[in-house]
1. Among ASP344, ASP82, ASP219, rank each residue by its count of other Cβ atoms within 10 Å, from fewest to most, as a rough exposure measure.
2. Using only the alpha carbons of the range 48-140, determine the length spanned along each of the three principal axes and report them from longest to shortest in whole angstroms.
3. What ³J(HN,Hα) values, in whole Hz, does the Karplus curve 6.51 cos²θ - 1.76 cosθ + 1.60 give for the range 327-343 when θ = phi - 60°, with x put for Gly and Pro?
4. Hey, what did the range 218-362 get for relative contact order, percent, Cα under 8 Å, at least 6 apart?
5. Relative contact order of the range 48-170: what whole-number percent is it, with Cα pairs under 8 angstrom and at least 6 residues apart?
6. What distance in nm separates the simple spin-label points at SER210 and ARG298, each placed 7 Å from Cα in the Cβ direction?
7. What order, most packed first, do the peptides 67-75, 36-44 have when packing is the mean number of other Cβ atoms within 10 Å of each residue?
8. Output wanted: per-residue J couplings in Hz (rounded whole) for the range 178-187, from phi through Karplus 6.51 cos²θ - 1.76 cosθ + 1.60, θ = phi - 60°, x for Gly and Pro.
Amino acid sequence: MSGWRRRIAVTGGCGFIGGAYLRQMVPRHPEDLYVNIDALTYAASPERVAAVAHEGNYVFERVDIRDTKAVVECLGRHSITDVVHFAAESHNDRAILTPLRFVETNVVGTANLLESWRVVAKGSGGRFHHISTDEVYGSLPIEGGEGFTESTPYDPSSPYSASKAAADHLVRAWHRTFGLDVVITNCSNNFGPFQFPEKLLPVMISNALSGRRLPVYGDGMNVRDWIHVEDHCDALDLVLRQGRAGRTYNIGADCEIPNITLVTMLCEIIDQREGPLPGGRSRASLIEFVPDRPGHDRRYAIDASRIREELGWSPRHEFRQALEDTVDWYRTHRAWVENCQKSDEFRAYAERNYGERSGDVS
Ligand code: NAD
Ligand code: DAU
C-alpha cells in the first residue's frame, strides 16, 4: 500500500509509555501510519490507546516479538518502514522473581525484531528506534558526580537493566555490521496517567487513597530522576525524525528526588484533596520502611545536554503541577487501577513481592 509517508511499527503500544506515545503521535502525524504491535501481557491495557483506536492512521496487531514468523509476516504485510521499539518486561521487582522472562523478551525479542526488520524493510530508508533506560549505566553515588552522559560506561545491576543493556548492544551491532539506521534513547523514570500499579507512584497513590500502608524500600534515600511521560514522548518524536543515525540520546528532566521525599509529597497532596485519615492523621503515617530490593541502584541522574543542544528539546511539564495532575488522574480512575490489580497474576506477584518484604500484602 502507498500513501503514507512513514509506516511505523510501535511495539508495546498498549504499555504505559507506548500508549502515551500513540495518543500523542497518531493525531500529530496524520501522514504516517502507526501499527501497534503488542502481545497483551499482564502490563498491557487497551484503554491506553482507546482515544486513537478509531483513527484512520492507527492499526492494532496482537503479535509476540519473540515469534519470528509472526513478526516477519506482520512487518511485511504493513510494508513497515520504521520501528519504535517499546515492548519489554519493564519492572525491576519482577525481574528478581522471573529473570529469564526478561532475557527472552528484552534480549531475544529485540534481536528477533531487529533481524526481522532488517530482512523485511531493506531499502525502505526507515529507522529502528530502541527505547531504553538510564539503568544501563548502573548507580551513581548519592553525593556529587554528574549525571549519566551518552559516554558513561555500561554497568547494569539488575536482570532488567542487564537485559536492556544487552538489547542496546544488539541494536548498535546491527548498525555497525549491517549498516542499519538505528537510534537509541536512554530515559529516566517516567510518571503520568495509566502507569501500571506496580511502579512507585501508582502503588503509593492507590495505597494512600485506600488508607493502606506505603512500603518504602530500604532507607528511602534512593534517588530517581523523574520525567513526565509526555515530555519523554516529545523527545522520542524528535529523535525518530531528526536524530543522527547510530547515535544515542539520554532523556531526563533534571528532577532528582529521594524516594521518601516523593512519597511524603504525594501524601501531602492527597491529604489536601481528601482530608486527613480518621483521627486526623496524615497519610504520611502510613509510610513503612520495608526490606530493600536486591541490586537496588542508589541514584540515577541524566545529563540531557545532547538532546537539548542538538535537537532543541526541553520538558514542558512543571514537576509539582504534573505530580498534582497525576494524583488527580488516579483519583478519578480508581476503577482502571482496580481492574489492573484484580487478576490472579497480579495478586500472586504482589503477594510474593511485598510478602517477602514484610509478610503483609500491599
Ligand atoms: P510497560 O510494562 O508498561 O509496557 C510494556 C508493553 O510491552 C506491554 O503493553 C506489553 O504487553 C508489551 N510486551 C511485553 N512483552 C511483549 C512481547 N514479547 N511481545 C510484544 N509485546 C510485548 O512498559 P513501559 O513502562 O511503558 O516501558 C516501555 C519501554 O520503555 C520499555 O522498553 C522500558 O524498558 C522503557 N523505559 C521505561 C521507563 C519507565 O519509567 N517506565 C523509563 C525508561 C525506559
Ligand atoms: O530509570 C528508568 C526505569 O525506571 C525504567 O527503566 C523502568 O522500566 C521503570 O520501572 C523504572 O525503574 P525503577 O525500578 O526505578 O522504578 P520503580 O517505580 O519500580 O521504583 C522507583 C523507586 O521506588 C526505586 O528506588 C524503588 C522504590 N520503590 C518502588 C516500589 C514499587 C519503593 O520504595 N517501594 C515500592 O513499592
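1. ASP344, ASP219, ASP82
2. 41, 33, 26
3. Residue by residue, the range 327-343 yields 4, 5, 4, 5, 5, 9, 10, 5, 5, 5, 4, 4, 5, 4, 7, 8, 6 Hz.
4. Details: 141 pairs, mean separation 46.2, N = 145.
That works out to 32 percent.
5. Values: 141 pairs, mean separation 36.8, N = 123.
So the answer I get is 30 percent.
6. 3.5
7. Values: 67-75: 17.7, 36-44: 20.8.
Ranking the peptides 67-75, 36-44 by packing returns 36-44, 67-75.
8. Running phi through 6.51 cos²θ - 1.76 cosθ + 1.60 with θ = phi - 60° gives 10, x, 6, 7, 10, 9, 10, 10, 10, 10 Hz.
Throughout, read-outs are computed from the coordinates displayed, never taken from laboratory work. The structure displayed is predicted, hence computed values, not measured ones. Reconstructed Cβ throughout: ideal geometry from the backbone, glycine too, with neighbour counts over all protein chains shown.
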